[in-house]
1. Kindly indicate whether Met193 is closer than 30 Å to Ile343 by Cβ and modelled with pLDDT of 80 or more.
2. Within region 397-409, how many residues are part of a loop (DSSP other than H, G, I, E, B), touching a residue at least 12 places away in the same chain (Cβ under 8 Å) and surrounded by fewer than 19 Cβ atoms within 10 Å (Cβ to Cβ)?
3. For region 345-396, which positions are surrounded by fewer than 19 Cβ atoms within 10 Å (Cβ to Cβ), of a type in the set (Ser, Thr, Tyr) and under 16 Å from Val211 (Cα atoms)?
4. Just one of Ile266, Ile274 is surrounded by 21 or more Cβ atoms within 10 Å (Cβ to Cβ) and aliphatic (A, V, I, L, M); which is it?
5. Give me the pairs, please: first residue somewhere in region 275-298 and more than 14 Å from Asp347 (Cα to Cα), second residue anywhere and of a type in the set (S, T, N, Q) and in a helix (DSSP H, G or I), beta-carbon distance under 9 Å, and either six or more positions apart or on two chains.
Amino acid sequence: MAFEVKMPQLGLTMEEGTVTKWVKQEGDTVKAGDVILEITTDKLTSEVESEHDGVLLKIVAQEGEDIPVKGLLAYIGEAGEQVGDAPAAKAEAPAAEAAAPVPAAAPAAPVAGGRIRISPLAKKTAAKLGVDYTTVAGSGPLGRIVQKDILAAAEAAKAAPAPVAQAAAEKAAPKKTALELMDGDEVVKLAGMRKVVSERMTKSAQEIPTVTQNVRIDVTELMAFRKKINNDLGVKYSLNDYVLKATAKALKNNKHILVSIDGDQIIKRAHVNIGMAVALEDGLIVPVIKDADKMSLGEISEAARDLAERARTNKLSMDEYKGSTFSISNLGMFGVETFNPIINQPDAGILGVCAVQDELVMDAEGNITKRQFMRISFTFDHRLIDGATAAKFELAIKELLENPMQILL
């Protein structure tokens, strides 16, 4: 008996997944535990393993298709075994929606006393040609199905486009676009991780009344302090490590930033869980450093490096990118001077970290010196956080970064 491979539900909120890549192809022998395909869901690429030994008889869901949870992906069974042509879009399509091998307009076969009227030869021919005679209208006496009716149904089935082939043709045909395309333009389907990012960012921008405040920070001492620590201890703490540690410490002393809204309720978060935005080739993922306020600089540095590396190689578990109560997006390495980050729901705020720049500064005595400055951009949900409250939080981060020893105390 053939087994159905269905889209797994990798989390309570998952509704669909995108078929990213088929690792096994039709006709390949598979064993239980073998990876047969990769799917992208909720900004994470996961591998789907076979639960049975056998042969991959038929691939139903093609690469790039969005399939609902428990939707049909493929069949695994014994070599040569016949399988159905169920559409990939639905796991358990109602009978009324199932594709019929003959024209839908054909009336049902006549029934007498619970038995369909069909000649023995017609019945044998139907079995040989794979025709469902229960959907065929008979032309014999009293509507009896005869051989010519089966042969006509078989020819009609051949002439009609197969459901899978028709679906493939529709998929191959480019969708119409409201934009005027020019020579060389390429139309690519919005799918997978990029689709999830698009939906979430749109939802956040539409639902949350946001304000972004920018603060300029003198990080001259911090840059020198970081260099000395790295040289003296033989470590490689990044500037981002210090920002993460300073933010965690500031959040611990400003718990009113750690809130979420749920209808007419405000949820006061108990943990300082910092989501760290990591850019991938096809989108963005935000792994979470749990209880960051309880970690040392070294522990935060190690956690951040590990999460970023595994995020880029699709090795994060579901739990590792859930549960953030605040987020940080660092674009400083790209030379970005200031930007307005979009809140990662259900957080109430996100900190944008910008590039470090050299500036000439004149002191009170008129002496000009070179200093290093960095800007932070704090975007917050104005339903939950007021401007003055946000400013105090930013000043707490500024105080720590301008006095780096306090970050470690």
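The values are calculated or read from the model by the stated rules, or taken from the named source; none is laboratory data. This one's a predicted model, so the numbers in the text were calculated from it and none came from an experiment. All Cβ positions, even for glycine, are placed from backbone atoms using ideal geometry, and neighbour counts span all protein chains on display.
1. no
2. The qualifying residues number 1.
3. Within region 345-396, Thr389 is the sole residue that qualifies.
4. On the way: Ile266 fails: surrounded by 21 or more Cβ atoms within 10 Å (Cβ to Cβ).
Answer to the selection: Ile274.
5. Final answer for the pair search is Gly283/Ser198; Ala292/Thr247.
Residue by residue, here is whether (1) modelled with pLDDT of 80 or more; (2) of a type in the set (D, E, K, R) holds:
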site: Lys123; (1), (2): yes, yes
site: Leu142; (1), (2): no, no
site: Val146; (1), (2): yes, no
site: Ala153; (1), (2): yes, no
site: Val164; (1), (2): no, no
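Residue-wise test of (1) assigned by TED's automatic domain parsing to the domain that holds Asn230; (2) without any contact (Cβ under 8 Å) to a residue 24 or more places away in the chain; (3) within 18 Å of Leu239 (Cα to Cα).
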residue: Ser327; (1), (2), (3): yes, no, yes
residue: Met333; (1), (2), (3): yes, yes, yes
residue: Glu337; (1), (2), (3): yes, no, yes
residue: Ala348; (1), (2), (3): yes, no, no
residue: Leu351; (1), (2), (3): yes, no, yes
residue: Gln357; (1), (2), (3): yes, yes, yes
residue: Met362; (1), (2), (3): yes, yes, no
residue: Asn367; (1), (2), (3): yes, yes, no
residue: Gln372; (1), (2), (3): yes, no, yes
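Quick grid of which residues meet (1) farther than 15 Å from Asp381 by Cβ; (2) without any contact (Cβ under 8 Å) to a residue 60 or more places away in the chain:
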residue	(1), (2)
Val188	yes, yes
Ala205	no, no
Pro209	no, no
Arg216	yes, no
